[in-house]
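Below you'll find the structure I mean.
Nothing in this text is a laboratory measurement; each read-out follows from the coordinates by a stated rule. This one's a predicted model, so the numbers in the text were calculated from it and none came from an experiment. For neighbour counting, all protein chains shown are included, and Cβ atoms are generated from backbone atoms with ideal geometry for every residue, glycine included.
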Amino acid sequence: MRERELYKYIKKYFEEKKYRVFIEAPLFSSMRADILALSPIKREIIIVEVKLNKFKAALAQAYRSVFFSDYVYLAFPMKYAEYVKQFYKHILSHTCVGIMGIDNRVKVLVRPKRSKFLSLNLKKYILEQYLNMIKDKEVW
């Protein structure tokens, strides 16, 4: 299994909730997110970092996103996600990061908290970038 195989389930999950979803979304210079879900109405950004395992590396990567997104998730195959929930829940509560488990569908195992580290200027930069992309696509 590859990480990219999990993207379609996450994309469907957020699209059903009326979010616009971007895969391998560019953020800043060389930084990107596996999944960026954007609600133009709520003006809300959700970042999802997808991994097959390696919780600590995944958390380090996802943690960068708490500065410009409202919510951040780590997504893993279900069995590993349940392991992470059991052994790392205390870490997740301090970082505001949530956990999604994927097994042909998405199940939220730990809800993220709204980021308490959010920089409104960084969020505005990302939000404007993606709202402009949506606007440009709707013109075509």
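Explain nothing, just the number: dipole magnitude of the stretch 13-140 about its Cα centre with +1 on each Lys and Arg Cβ and -1 on each Asp and Glu Cβ, in debye rounded to the nearest 20.
440 debye
Can you find, among ILE126, PHE28, ILE91, the residue farthest towards the positive end of the dipole of the chain? Put +1 on the C-beta of Lys and Arg, -1 on that of Asp and Glu.
Toward the positive end, the furthest listed residue is ILE91.
Let's see if you can work this out: charge +1 on each Lys and Arg Cβ, -1 on each Asp and Glu Cβ, no other charges. What is the dipole magnitude of the stretch 1-72 about its Cα centre, in debye to the nearest 20?
Here the stretch 1-72 has a charge dipole of around 60 debye.
Over the chain, calculate the relative contact order: mean separation of alpha carbon pairs under 8 Å at least 6 apart, over the residue count, as a percent. Can you show the working numbers first?
Values: 248 pairs, mean separation 27.4, N = 140.
Worked out over the chain, it gives 20 percent.
Build a GNM of the chain with springs between Cα atoms under 10 Å: which of ILE41, ILE102, ILE126 gets the top mean-square fluctuation?
ILE41
A follow-up question, please. Can you give me the C-alpha center-to-center distance between the stretch 108-135 and the stretch 23-87, rounded to a whole angstrom?
Going from one Cα centre to the other spans 11 Å.
Would you mind telling me which residue in LEU52, LEU122, LEU74 has the biggest mean-square fluctuation in a Gaussian network model of the chain, where springs connect alpha carbons within a distance under 10 angstrom?
Greatest mean-square fluctuation among the candidates belongs to LEU122.
Cα-Cα over 29 Å: which of LYS54/LYS124; LYS51/LYS89; LYS85/LYS124?
Violating the 29 Å limit, Cα to Cα: LYS54/LYS124; LYS85/LYS124.
Among DSSP bridges having both ends in the stretch 27-140, what percentage is antiparallel? Round to the nearest 5.
45 percent
Under DSSP H, which helices of the chain have Cα atoms covering 15 Å or more of the helix axis and a Kyte-Doolittle average no less than -1.0? Please list the in-between numbers first.
Numbers: long enough: 4-15 (17 Å, -1.33); 78-95 (23 Å, -0.64); 120-139 (28 Å, -0.45).
Helices passing the filter in the chain: 78-95, 120-139.
Starting from one equal scatterer on each C-alpha and no solvent at all, send me the Debye-based log10 I(q)/I(0) for the stretch 10-122 at q = 0.14, 0.20 Å⁻¹, two decimals.
Log10 of I(q)/I(0), two decimals: -0.50, -1.07.
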